[in-house]
1. Mind counting the residues in the stretch A:91-101 that are at pLDDT 85 or above and among the hydroxyl-bearing types (Ser, Thr, Tyr)?
2. Only residues that are of a type in the set (A, V, I, L, M, F, W, C) and facing another protein chain (nearest Cβ under 9 Å): list them for the stretch A:33-45, please.
3. If A:ASN56 satisfies all but one of (1) within 14 Å of another protein chain (Cβ to nearest Cβ); (2) without any contact (Cβ under 8 Å) to a residue 40 or more places away in the chain; (3) surrounded by 15 or more Cβ atoms within 10 Å (Cβ to Cβ), what's the number of the condition it fails?
4. Taking the stretch B:58-84 as the search range and keeping residues that are within 14 Å of another protein chain (Cβ to nearest Cβ) and among the polar types (S, T, N, Q), which one is surrounded by the fewest Cβ atoms within 10 Å (Cβ to Cβ)?
5. Identify all residues within the stretch B:85-102 that are within 11 Å of chain A (Cβ to nearest Cβ) and of a type in the set (A, V, I, L, M, F, W, C); write none if there are none.
6. For the stretch A:614-637, enumerate the residues that are of a type outside the set (A, V, I, L, M), part of a helix (DSSP H, G or I), on the phi < 0 side of the Ramachandran plot and more than 35 Å from the chain's Cα centre (by Cα).
7. Kindly state which helices (runs of 4 or more DSSP H) lie completely within the stretch A:372-491 and contain at least 3 residues that are under 30 Å from A:HIS337 (Cβ atoms) and within 14 Å of chain B (Cβ to nearest Cβ).
8. Residues A:GLU65, A:GLU22: which one is assigned to a loop (DSSP other than H, G, I, E, B) and either within 24 Å of A:GLU121 (Cβ to Cβ) or modelled with pLDDT of 90 or more (or both)?
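The values are calculated or read from the model by the stated rules, or taken from the named source; none is laboratory data. Quick caveat, the model's predicted, so the values are computed rather than measured. Methodologically, a virtual Cβ is constructed for each residue, glycine included, from the backbone with ideal geometry; neighbour enumeration extends over all protein chains shown.
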Amino acid sequence: MIFDSLPSHLALEIVRLLAPEEKMLLTANSDLTEDGKFDEQWIVVTNQRILTFYPNRDGSNPLIELPLEEIKGAKTEVLVGGGYIEISTDRKSISILHFSNSLVDKFSEVVRGIQQLSKGEKLRLSPDRPKTHCDKCRKRLPEKDGICPACIKKSAVFIRIMSFLKSYWKSVAMMIAVTLVGTFVNLLPPFITKHIMDDAIVPIGGVILTTSQRLTILVWLVVALLGVRVLASLSEVSHGRLAALIGNQVTADIRAAVFRCIERLSLAFHSKRETGAILSRLTRDTERLQDFLIEGLPYIIIEILTMTGILAFLFYMSWELTLWVLIPTPILVVGGHWFWRKMRPMWKRSWSKFEKLYGHINENLSGIRVVKAFAQEDGEIVKFNRHNRAAMNAGIQADRIEPGFWAAINFAGSIGMLLLWLIGGKHVIREEISLGTLIAFQGYMWMLYGPLEWLSQVNQWMTRAFTSAERIFELMDTVPESYDLENAIPLPEMEGKVEFKDVEFGYDKSKPVLKSVNLTVEPGEMIGLVGKSGAGKTTMINLVCRFFEVDNGLLEIDSIDLKKIRLEDLRGKIGIVLQDSFLFNSSIMENIAYAKPDATFEEIVEAAKIANAHHFILAKTDGYNTIVGERGNELSGGEKQRISIARAILHNPKILILDEATSSVDIETEKQIQEAISRLVKGRTTFAIAHRLSTLRNADRLVVLDEGKIVEVGNHAELMEKKGVFYKLVQTYQDISKAVAYAE
Amino acid sequence: MTKQIDLKSIRLFYHPDGKPRLIIKDEKCYLSVKAVYAAPLSHPSEHISLIDDKGEEICMIPSLDDLDVDSGEVIQKELNKRYLGAVIYKIYSIRSEFGVSYWDVQTDRGSREFVVEENPNQFIWLSETRVLILDVDGNRFEIPDYTQLDANSTKMMVHLT
C-alpha cells in the first residue's frame, strides 16, 4: 500500500538493502523527526520488517530496523500537536516515527497495517482518506474533500448557473433587449448635446442659419433629449424589475434543488458535515449567488457595453483627444486595485472586532444572573470598554482611508478634465474640432472614469460568487441515498428475524466500534443491549436502521442482506423511539401521525391511548391540536416520551428500536411510561438500549457489549447468577444510587 | 483527592524499556508516568501534573526546581516530547485566498508551511502581543511577541491583530 511514493533514488537504494524474498508492502512519509524538528522521515514496511529512514541526514541508512515477528503490538500515541507510532516487543516499547497533526489519519491507517502484518494477516487498508490537496493544482483545499476554489472552471460554473435560466428564457430575452436599448439610450445624451452646441447654439461649418431656424433645431434637440431621458428611465425600471424577477426565481429554483438533495442524502453524509456548514450552503451561498445574478452580473454586462459604446463614440469624434483622455485610466484601475486590496483586510479586522464586541454583550446579557451573583459588574464594564475601544480603533483605521482614496480618484479624474480643457480647448481655438465635441467629451469622460476603479474587483467578485455556486453544485452532485437501487429486493411482509454475522464497523475506518459481532434475534424477541457508554450499543442500532453500512461481515433481516432490501420497505417496517424524543414544531396530532400522515383521527387516538398519552392530551386546552413548540419544548419530558411512543405505535413497525431516555420523572409518570413501553414492544422484534430495571427484566435476552464485542448473552436471572460483567454493571449502578442517597 | 506527597521523596528515571518510572521513597513505584502541564498557555514550565497509566494524577509539581536535577531532566524531556508546538520567529509570507491564509514561516523546529482558516477562533490571543495560531489540522504555532519579529513579519501580523 503506497501512501506516498519514495523518491526514485531513495527507492533504488532501499531495494538494495532488501533480502531476496523481501518486498515493500507499505511506504509513507512523515513531517517530523523524533526530536520534533520539521523534516522528512520515511517508514517502509516489508513482508519481513519495519524500516525507518531520515534521508536528509542519513540517506538510505535505516534509523530503525525491526523484524515483524518481534512485534507484539502497535499503536499511535497522541501528543499535543501530533503523535507517534509506538511498537511494543517482548522486551520494550519504542517510538519509531513521529508525525504532526496533519498526518494523523494517514498514520492511523499505517498502524492498522502494521498490526495486520505482524499478526500474519493480509494487508487490508481502506484507500479512502479525506482529500486535503487539490488533485489538479496541488493547492491546499480550504475544506477537506471540498472544492478547490483555484481550479473552478469559471466557464463551466457559469454555464451551469445559466442553465437554470432556461425555464425563464422569455424574460431573459426581454431583459437582454431592455439592456441593449437602455445602454444605447444612455450613450445618446452627450451626443445630442454636441449637436445642440454645433447645430443650434454655436453653429459650425460655415452654414448660416436664421435665428428661428436655430431655435427650431434647439427645441427639437431638447425634445429628443427629453425622449431619450424618458426612454432611459423606462428601461432602467424594467431592467431592474426583470432582474429582480429572474434573480429571485432562479435562486429559489436552486434552493429547492439543494434542499431536495440534502433531504435525500444519507445519514453518513449528515454526520460528516456539521449542520451549520450545510445550512450555510443553503443560506449564505444562495444569497451570494442571488446578489450576483440580480445585481452583479447585469452591472458587469452594462458597464462593459457602456464603456465599449463610449470609446466608440469618442474615437469617432476625435481619436487624438480620446488618447489624451485615456491617460488617467491606468491610474484609476491600479488605484482601485490597490485600494480594495488594502481595505479588505481592514474591513475584515474591523468586522471581527465588532463581532467580538457584540458577542461579549450577548454573553453578558445571557449570563447576567451569574455576573450579579458574583458581583462582577465592574469587571464586565472594564472588559466591555476594552472591546469597545478595540472596535473603535479598528473602525477609525478602516474608515479614514476611504476619504483619502476617493479624493485621490477624483483628483486623477480631474487631471483628465484639465487635459481635456487644455488639449481640447487648443483644438477648438484652432477650429480643428467643434465646441460641441468638447462638451460631449466632457460628458462621456465621467461616464468612463466612474466604473474603472470597480473593474479590478470584478474578478474577485466573480470568484466569490462562483465559489458559492460551486459549493452548491457540489452538494447537488453528491450521490443521494439509494432509495431506489435497481436490484433492491422488496420486502412488503417482514417477519422480523435479525442476524448479525461477524459484523465489524467503525464511523472512522481506522477505529472500529464493533468488532466481530455475532447475534441471531428471532421475530418478536426483545433484546436488551447493555454496556458502558461507548461499548457500541447505539452503533448496533444505527446499523439495523441502515443509517450506516457495515464495514465487514453481514447483517441480515429475514435472511436477506440488509443492503439489498428496498430502503422504503426497510424503513417502513422499522420504528424508533429515541433517547431525545425529537418532535417537530406542529400539533400533537401531526407529530403522532408523522410516519402515517393519512391516519384517521381514531387511529391517532388509539395509539395515544396505548401509549398512556391520551389522558394528558385531553387535559390540555387545545387537546390534540396543541402545538408542541420547537423541539417539543412546550411539553414536559414524560409527555414528550409518550408522544414519541404513540408515534412509534401508529407506525406499527415489525422491528422496534428503543433507545431509552433517562429523564427523571415522577413515580406515577414513570409507571405510565413503563406500561406504554411494554405494550409497544409486544409482538415486535425489539432492540432496546435499556436503562430501566423493568426493561431489563422484561427482555427475553440481554446482550452485554464491552468494547465492541458481545461478552455475555442471557436473560436477567441467568446473567445475575453468572456474576460476570453484567453483574458488575448492576452492582456499580446500585452502589452509585446508594452513595448518592448517603450524600443526601 | 490526591494526598500530599513530599516532593523531596520523588525520583524519576528511565527504565531500560524506554519508559519513565516514578518512585516515591519507601512507598510506591509507578511503572508508567506521563507529565502534563496543568496550564500550558498561561503557566508554561510551572504546575506540572504527573499522571499514572489510568489517567489519575499522582501529584502536581509547582516547578521543576522543586525536584532533584536528574528527575527534573526526565520530566522536561517527557514534556518536550509531548508538546509539539512550534515557535515562529520569522514570517516569510502570508497569502490570503478563498477564505484561508497560506503561511510560510521559520520556526524553532525548522521552516514550515501551513494553512489557517480565516476565522478568529484560530487565533488565540494570550496577551496583546502573544498569539497561538491553529492551522487547519490543529497544529499549533506560537508567536510570543509579534512586535519583536523583524519589521516585515510584524507588518504582516498587524492585519490580524
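1. So the count comes out to 2.
2. The one that is of a type in the set (A, V, I, L, M, F, W, C) and facing another protein chain (nearest Cβ under 9 Å): A:PHE38.
3. For A:ASN56, the exception is condition (3).
4. So, considering only residues that are within 14 Å of another protein chain (Cβ to nearest Cβ) and among the polar types (S, T, N, Q), the one surrounded by the fewest Cβ atoms within 10 Å (Cβ to Cβ) is B:ASN80.
5. B:ALA86, B:ILE94, B:PHE98, B:VAL100
6. Residues satisfying the conditions are A:HIS614, A:HIS615, A:PHE616, A:TYR624, A:ASN625.
7. On the way: elements: A:377-399, A:401-419, A:425-429, A:435-449, A:452-477.
The helices (runs of 4 or more DSSP H) meeting that bar are A:377-399, A:452-477.
8. After ruling out the rest, the residue left standing is A:GLU22.
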